[in-house]
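This report refers to the structure that appears directly beneath it.
The values are calculated or read from the model by the stated rules, or taken from the named source; none is laboratory data. Please read all numbers here as calculations on a predicted model, not as lab measurements. Positions of Cβ are generated from backbone atoms using ideal geometry, with glycine treated the same way; all protein chains shown enter the neighbour counts.
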Amino acid sequence: MLEIRNITVRFGGVVALNDVSASFAQPVSGIIGPNGAGKTTLMNVLSGFVTSTGGSVTRDGQELLKLAPHRRAHWGLRRSFQKEEIADDLTVFENVLVQIDHGRSPASQKTDEVSRMLALVGMADRADKPGARLNSFERRLTDVAKCLVGQPRVVMFDEPAGGLSIDETRQLGALIRQIHAETGAQVLVIDHDVDLIREVCAETLVLDFGKRIAFGPTDAVLNDASVKAAYLGTEEV
């Protein structure tokens with residue numbers, strides 16, 4: 001279980017996150033809210049790029065906020081960004097391998113792991129393709145594979161379906177649902193695509209103006225009047 005407790009973030013006079021708490025217990029969980037709600041800020045707190053003025057984040061007995069960002073990565077925290085970070089001058093295989101190249105495992109074990117994850121995301125037949133020649137969906141799949149090597153414990157995706165077609169989003173959703181079974185990692189997904197969130201996330205946290213306005217089973221949350229008012233643009237009754 002990923003326990004987020006009383007996270008507050010201030011940027012000058014702006015309160016980006018206001019005493020946010022949630023206990024994520026499901027293999028795949030969602031975080032939604034309108035633009036500026038604090039979703040990416042929360043992910044940045046977990047990653048170590050933004051410092052909270054208080055609170056805690058724990059999983060498996062480890063207090064993540066006490067670790068430097070690189071030590072969180074060594075512990076098993078992985079994330080993608082809204083724009084894929086793919087090196088154009090490396091092949092697909094090399095883009096993924098570089099994520100674990102620093103590790104102490106034998107080279108053969110590293111290459112085997114990369115091959116397995118490329119097969120999982122559907123990029124095994126394009127392992128030798130240079131990053132510069134990848135289309136947007138191939139770049140996204142390669143980015144996902146990068147998050148899955150090196151024994152991840154928590155994987156965070158920030159708007160992974162951005163710019164994808166309906167069919168590509170469905171394929172991505174099916175892939176996200178496989179991650180926990182294949183790696184044991186817990187997954188957090190931020191996305192504006194409510195259909196994707198409903199499809200892959202068993203539970204969902206909703207933020208608005210930096211505050212938690214709902215958290216629980218995804219279907220119940222998406223049907224909540226306050227969520228519809230804040231996120232889906234309907235009037236609260």
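Matching residues to (1) within 19 Å of Phe157 (Cα to Cα); (2) modelled with pLDDT of 90 or more:
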site: Arg79; (1), (2): yes, yes
site: Gln82; (1), (2): yes, no
site: Arg104; (1), (2): no, no
site: Ser108; (1), (2): no, no
site: Ala132; (1), (2): no, yes
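Without any contact (Cβ under 8 Å) to a residue 60 or more places away in the chain and in contact with a helix residue (DSSP H, G or I) (Cβ under 8 Å, 6 or more places away or on another chain): which single residue out of Glu138, Glu113 fits that description?
Of Glu138, Glu113, the one residue that is without any contact (Cβ under 8 Å) to a residue 60 or more places away in the chain and in contact with a helix residue (DSSP H, G or I) (Cβ under 8 Å, 6 or more places away or on another chain) is Glu138.
The single residue among Pro69, Pro106 that is surrounded by fewer than 21 Cβ atoms within 10 Å (Cβ to Cβ) and in contact (Cβ under 8 Å) with a residue 12 or more places away in the chain turns out to be Pro69. Before we move on, is Val15 in the same structural domain as Glu199 (by TED's automatic domain parsing) and either in a helix (DSSP H, G or I) or modelled with pLDDT of 95 or more (or both)? When the stated conditions are applied, Val15 does not pass them.
Taking the stated definitions as given, is Gly30 at positive phi, touching a strand residue (DSSP E or B) at 6+ places or on another chain (Cβ under 7 Å) and not basic (Lys, Arg)?
no
Per the listing Asp208, Asp191, Asp195, the residue uniquely at pLDDT below 95, of a type in the set (Asp, Glu), buried (at least 20 other Cβ atoms within 10 Å of the Cβ) and more than 23 Å from Gln151 (Cβ to Cβ) is Asp191.
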